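K.L.:
If you scroll down you'll find the structure; I have some questions about it.
The values are calculated or read from the model by the stated rules, or taken from the named source; none is laboratory data. These numbers come from a predicted model, not from an experiment. Glycine gets a Cβ as well: all are built from the backbone with ideal geometry, and neighbour counts include every protein chain shown.
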Amino acid sequence: MTDSPSMTPIPVGLDDDYAFTKIALSDGRLIAIPSRGRIGRSGVTWVHQGQQRIFEYETEETVYSVGAVDGEATHFEGYPMSGLNRAIVQHILQDAGLAGRTVHAVSGLPVSTFYRKNGQLRQGTIDKKRDSLKIAARPMAETLPAGIAFHDVIPEALAAWYDYVITEKAGDAKLDPDRLSTPVAIVDIGGRTTDFVVVKDQGVVHASSGSLQCGMLDVKQQVANGIQERFDLETLGEQLVAQAVEKKSVRLYGRDHDISSLVDCAKQEIVERLHAETRRQLGLGVELDQILFVGGGTVALAGHITNWFPNQAIAEHPAFANARGMLKYLRYVCEASDAA
Ligand SMILES: Nc1ncnc2c1ncn2[C@@H]1O[C@H](COP(=O)(O)OP(=O)(O)O)[C@@H](O)[C@H]1O
Ligand SMILES: [Mg+2]
């Protein structure tokens, strides 16, 4: 690795979604950080640089803090084109050691943001997102920014389909002809939403595709409400709740409390909603060759998603399926036509 900027652009699959920002790199690395940050400086001075946990970035003359902050929710409309998004993306690129490098990236937008109901592209929104990430975001520290020189945008769950149909073996990529010709459904269980995409004859079937406002953040919300009620608390930090869901235990006033039943109940409730909605959306799946579950929610709920359909499968490292597909799209679809 060298400190001087290199001319060779680094291809990055960049799944910059609402709950987590995930990247896939061509050396096989997969990295995820919470999409967590806020406007303003952190107000913390780090005694030891190595222990720094909040990082500051400036873009369009606004400073953002990213990292271990109780972040503003990224759920606001317009997040994909915001300065906060650019700061979080710059942070993950820095994390990946790409300071000073030129990056070529493909990122995503939720299916319902990318297409209108009738299948038309929302071109204005797509253009805005594409341009937004090309605006510079500069670390407020002694490191060079990573610069995004090329950026294309595809629908998030469709990225997982590219991951499924483009197979790589020993550095060689090929379109799998069997996978390409069969109808497949992708179910992407994310933070805020669960997205459905049905792909048939290499086209999106819009009637069976869409977004359900239900995801892992609903589990977090329910657990937060449960903790507040049980311990009579008025507010709870977002990071504390995230940890509580993950560890099924919450630390309050220096003592750990087991909350497994609360977490299990919340998960069960979401799973039942997802099951009912997936059935409604996909029927029994008889005409589909495969129903592929992806997204971080698939990891968290894997134990509950058994036997929904006889032809279901869980993608490898499901939380990274979109990021991997975006990288494949960049390397084998964009760059093939672009001769980069
Ligand atoms: N490796 C993991 N293990 C357990 N849960 C996870 C994992 N990765 C993500 N999750 C959970 O899945 C949720 C959705 O993750 P993800 O699909 O990355 O979100 P989004 O794409 O909507 O930003 C997260 O909020 C988290 O609760
Ligand atoms: Mg996602």
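K.L.:
What is the residue count in the range 204-256 for residues that are surrounded by fewer than 14 Cβ atoms within 10 Å (Cβ to Cβ), at pLDDT below 90 and under 25 Å from the mean Cα position of the chain (by Cα)?
P.N.:
Here the count works out to 2.
K.L.:
Quick check on my filter: what residues within the range 5-32 are within 12 Å of ligand 1 (Cβ to nearest atom) and basic (Lys, Arg)?
P.N.:
LYS22
K.L.:
Having 1 or more residues that are modelled with pLDDT under 95 is the bar; report the strands (runs of 3 or more DSSP E) wholly within the range 102-203 that clear it. Don't jump to the end; show me each part of the working.
P.N.:
Details: elements: 102-109, 147-155, 166-169, 172-175, 184-189, 194-200.
Fully inside the range 102-203 and qualifying: 102-109, 147-155, 166-169, 172-175, 194-200.
K.L.:
Next question. Can you find even one residue in the range 310-321 that is in contact with an Asp or Glu (Cβ under 8 Å, 6 or more places away or on another chain) and within 30 Å of MET7 (Cα to Cα)? Show your work before the answer.
P.N.:
Residues of the range 310-321 in contact with an Asp or Glu (Cβ under 8 Å, 6 or more places away or on another chain): 311, 315, 320-321.
Checking which are within 30 Å of MET7 (Cα to Cα) leaves us with 320-321.
Yes, the conditions are met somewhere in the range 310-321.
K.L.:
Continuing with the same structure: For the structure I just gave you, tell me whether ALA68 is surrounded by fewer than 19 Cβ atoms within 10 Å (Cβ to Cβ) and modelled with pLDDT under 95. Step through it out loud before you land on a result.
P.N.:
Numbers: surrounded by fewer than 19 Cβ atoms within 10 Å (Cβ to Cβ): yes; modelled with pLDDT under 95: yes.
So ALA68 fits the description; yes.
K.L.:
From LEU262, LEU284, which residue is away from ligand 2 (no atom under 16 Å from the Cβ), of a type in the set (A, V, I, L, M), over 25 Å from the mean Cα position of the chain (by Cα) and more than 20 Å from LYS220 (Cα to Cα)? Show your work before the answer.
P.N.:
On the way: LEU262 fails: more than 20 Å from LYS220 (Cα to Cα).
Just a single option satisfies the conditions, and that option is LEU284.
K.L.:
Scan the range 281-312 residue by residue and report those that are hydrophobic (A, V, I, L, M, F, W, C) and surrounded by 14 or more Cβ atoms within 10 Å (Cβ to Cβ).
P.N.:
The first filter runs over the range 281-312 and keeps only residues hydrophobic (A, V, I, L, M, F, W, C), leaving 282, 284, 286, 288, 291-294, 299-302, 305, 308-309.
Once the filter is applied, which keeps residues that are hydrophobic (A, V, I, L, M, F, W, C) and surrounded by 14 or more Cβ atoms within 10 Å (Cβ to Cβ), the range 281-312 yields LEU282, LEU288, ILE291, LEU292, PHE293, VAL294, VAL299, ALA300, LEU301, ILE305, TRP308, PHE309.
K.L.:
Quick one: HIS104 ticks every box in (1) away from ligand 1 (no atom under 16 Å from the Cβ); (2) surrounded by 16 or more Cβ atoms within 10 Å (Cβ to Cβ); (3) of a type outside the set (Gly, Ala, Ser); (4) farther than 20 Å from PRO11 by Cα except a single one, so which number is it?
P.N.:
With (1) away from ligand 1 (no atom under 16 Å from the Cβ); (2) surrounded by 16 or more Cβ atoms within 10 Å (Cβ to Cβ); (3) of a type outside the set (Gly, Ala, Ser); (4) farther than 20 Å from PRO11 by Cα applied to HIS104, the lone miss is (4).
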